[in-house]
Amino acid sequence: MQNFLAAKMRTFLTIIGVVIGIAAVMVVMSVGTSAQNMILDQIRNVGSDLVAILPGAADDDGPPASTYGIVVTTMKNGDLEALRKKSNVPHAVAVSGYVSGNNVVQYKSYDKSLTFQGVSADMLDVEGSNIAFGRFFTSAEDESLARVVVLGAKIAKDIFDNEDMLGKKIKIGSQSFRVVGIMEERGATFAANYDESIYIPLQTAQKNILGIDYLNFIRMKVDDEKNVEQTKDDVRTVLRSRHDIADDEGDDFSVRNIASALSMVNNVTNIMKYFLTAVASISLIVGGIGVMNIMFIALSKRVREIGLRKAVGARRRDIMWQFLFESMIIALIGGFIGFFVGLFVIWLAWVAAMQYDIEWDMIITMQMAYVSLIITLVIGLLFGIYPARKASRISPMEALRYE
Amino acid sequence: MEKIAKIISCKDITKVFDTGETKTHALRGVSCDIAEGEFVAIMGPSGSGKSTLMHVLSFLDRATEGGYFFRGKDTKDFDEEKLAFIRNQEIGFVFQSFNLMQRVSVFENVELPLLYDFYTKTTQNKEDKKTNKDRVMNALKSVSMEHRLHHMPSQLSGGEKQRVAIARALINNPKIIFADEPTGNLDSKSGLQVMHVLEGLNKQGHTIILVTHESRTAEHAQRILRIVDGKIVDDKRVHNQRSVDTDNILK
């Protein structure tokens, strides 16, 4: 009995590779898909019909210099006006310039240094955000350098608590701003936390607070996703003619759509996928060698039994299938345990995502069960075939050997 | 089925074991005929080649040279498949050390050859399972072991184990039963019981080929082939064939 338990323990230890391998396959299939879904969700949240124009040149894959915090001052308000013209960019439905800065925000006892954004009145349409209370500021207010502010849902609650806030004045730097609207709650993405944004009119921010005449970037909403590429070309034509650039080598701006920006993030999750796949493959090979090892031990213990079976009429293939069947059963036990370990890890990832308030789908599909089953059977077959062949070649004479 | 007088016929069989460095001549030209229904003992001292001869005759091993005709057919061209068929259908083995599988019951041990019987039935349906059970029971009855059906081999005495092994050899109703020192591991009383069973099988028409080095055991046969140094030196009929006094061994 103790021998039996020891054999079981040894069997379990040698199939741990299969367990880890199958668990890793499960995690790749589930968590990898979850992560990609999350990114796709965020693309949809931000809008796949958005085009961003950033100052400074960039090669196709890397981000332009401006995203690293280097200030490039080549993009002016005149560019924004030109891009708004229907004759220049026919598919643009909303265009907004963006600047941002840091300043102290004060209201009664509230006193904090916060980031604010100067945006065009079109921003609401560009980003697809909604107003919960009051209104967003108008183009006229932007033109007239009006000192009005629209607050994100969370920041509004932080500053005013439960007070009625519309019409109240808060101080940004040394100037007073009237609160005209509160944004609807929208949640956070990896790119921005909408609920903590402070929006003031673009030109008010440029002239009254920051003292600059350039834009950090421009965002543009296109009427249809299929016109995104056409629009990007239109934007390039307009800006090249305004900046006197003859060919694309000399561009002092870059045009992106959200999808291309996020493909970089996608690359990162793909690297994670490849890494896990490599781990899975190595584990499965190690596990397969474990299965082979178990089968060789079984073989050496049962030479006499195999000889007997052959002496009473077993053919080579009968012995072969008997061994393959056993190696597949052993692999299946490992795969079965691995399947549940995988489910557990997937659940853990979901719990961790919940802790950090990330929207995360726990993806568990029948496909995972099928794929695990098939991989397991293939491992059992592949690594069982060599011991099985050896077993099938044992001579029936072995049955006659005296011990 | 046509009646073939000579079930086994061999001419100038040699067997050389070549280990690379040395060549061992186990058989140096053996010729013999064995008729259907005979009870033959192959006798000889250890190392004489008697076991090698049995291995060749029972298709566990092949001769190096010479002709071996089994039921009139040259065995030279028999492939692995054909050999498996003969081992399953035409031959039964009884080993000195019983060779029962320890982990399974008497029933399953006796049933084993039926699992490799792909020839007399096409499917393994319920009907066959039932027939299998009947066949196992019949085989056990013929060795008076039916009361041990569900025992494990470790619960049996040596004589009982050998009788179970004989039941296994009988299950496919083979033409020939090869018994390799069947009494070698048994006390004399159990040995007599086993010989009694073999005598009975011979009377029912089975050809029995017994390998032994004990002349008392060999005398149960009708004919004794003496083999020394890989050659048959004597082939004689037994005039006073011993037969087990049944009163002596039955409880």
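Please treat every number below as a calculation from the coordinates, not as lab data. Here the structure is a predicted model, which means the values were calculated and not measured. For neighbour counting, all protein chains shown are included, and Cβ atoms are generated from backbone atoms with ideal geometry for every residue, glycine included.
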Roughly speaking, what % of Cα-Cα pairs in segment A:107-166 are separated by over 18 Å, rounded to a whole number? 42
Mind listing P(r) for chain B? All alpha-carbon pairs, 5 Å bins, whole percents. 1, 6, 13, 17, 19, 16, 13, 9, 4, 1, 0, 0
Considering only DSSP beta bridges whose two residues both sit in segment B:6-244, what percent are antiparallel, to the nearest 5? 55
Using DSSP to define loop residues, name the trypsin sites (Lys or Arg not before Pro) in segment B:93-184 whose beta-carbon has at most 13 other beta-carbon atoms within 10 Å. B:Arg103, B:Lys121
Tell me which DSSP H helices of chain A clear both cut-offs, 30 Å or more of axial length from alpha-carbon atoms and a mean Kyte-Doolittle hydropathy of at least 0.0. A:16-46, A:258-301, A:316-355, A:366-392
A:Thr74-A:Arg178 FRET efficiency (beta carbon distance; Förster radius 45 Å; 0.05 resolution): 0.85
Those chymotrypsin sites (Phe, Trp or Tyr not before Pro) in segment A:301-403 that DSSP places in a loop and that have at most 13 other beta carbons within 10 Å: A:Tyr356, A:Tyr402
Orientation-averaged projected area, Cα convex hull of segment A:73-251 (nm²): 11.0
What ranking, highest mean first, results for peptides B:228-237, A:214-223 when packing means the other Cβ atoms within 10 Å averaged over each residue? A:214-223, B:228-237
Cut-off 14 Å between beta-carbons: net charge of the residues surrounding A:Ala92, Lys and Arg +1, Asp and Glu -1: -4
Using +1 at the Cβ of each Lys and Arg and -1 at the Cβ of each Asp and Glu in the protein assembly as shown, identify which of B:His213, B:Ile7, A:Thr365 lies farthest towards the dipole's positive end. B:His213
Peptide A:363-369, shielding by other chains (average Cβ, 10 Å cutoff): 0
Count neighbours as other Cβ atoms within 10 Å of each site's Cβ, and list the trypsin sites (Lys or Arg not before Pro) in segment A:104-202 that are DSSP loop with at most 13 such neighbours. A:Lys108, A:Arg135
Using a 10 angstrom cutoff on alpha carbons, build the Gaussian network for chain A and name the most mobile of A:Val378, A:Val179, A:Val19. A:Val378
How much length is gained on full extension from B:His213 to B:Lys141, taking 0.36 nm per residue of separation minus their Cα-Cα distance? 23.0 nm
Which links in A:Lys76/A:Lys154; B:Lys141/B:Lys236; B:Lys189/B:Lys231; B:Lys82/B:Lys236; A:Lys310/B:Lys130 stretch past 27 Å when you go from one Cα to the other? A:Lys76/A:Lys154; B:Lys141/B:Lys236; B:Lys189/B:Lys231; B:Lys82/B:Lys236
Mind computing the radius of gyration and Dmax over the alpha-carbon atoms of segment B:168-251? Å is fine for both. 13.2, 42
Efficiency by 1/(1 + (r/R0)^6): what FRET value for A:Asp111 and A:Glu249, r their Cβ-Cβ distance, R0 = 56 Å, to the nearest 0.05? 0.70
In debye, nearest 20: dipole of segment A:105-220 around its Cα centre with unit charges on the Cβ of K, R (+) and D, E (-)? 360
Would you please report the Å³ per residue occupied by the convex hull of the alpha carbon atoms in the protein assembly as shown? 267
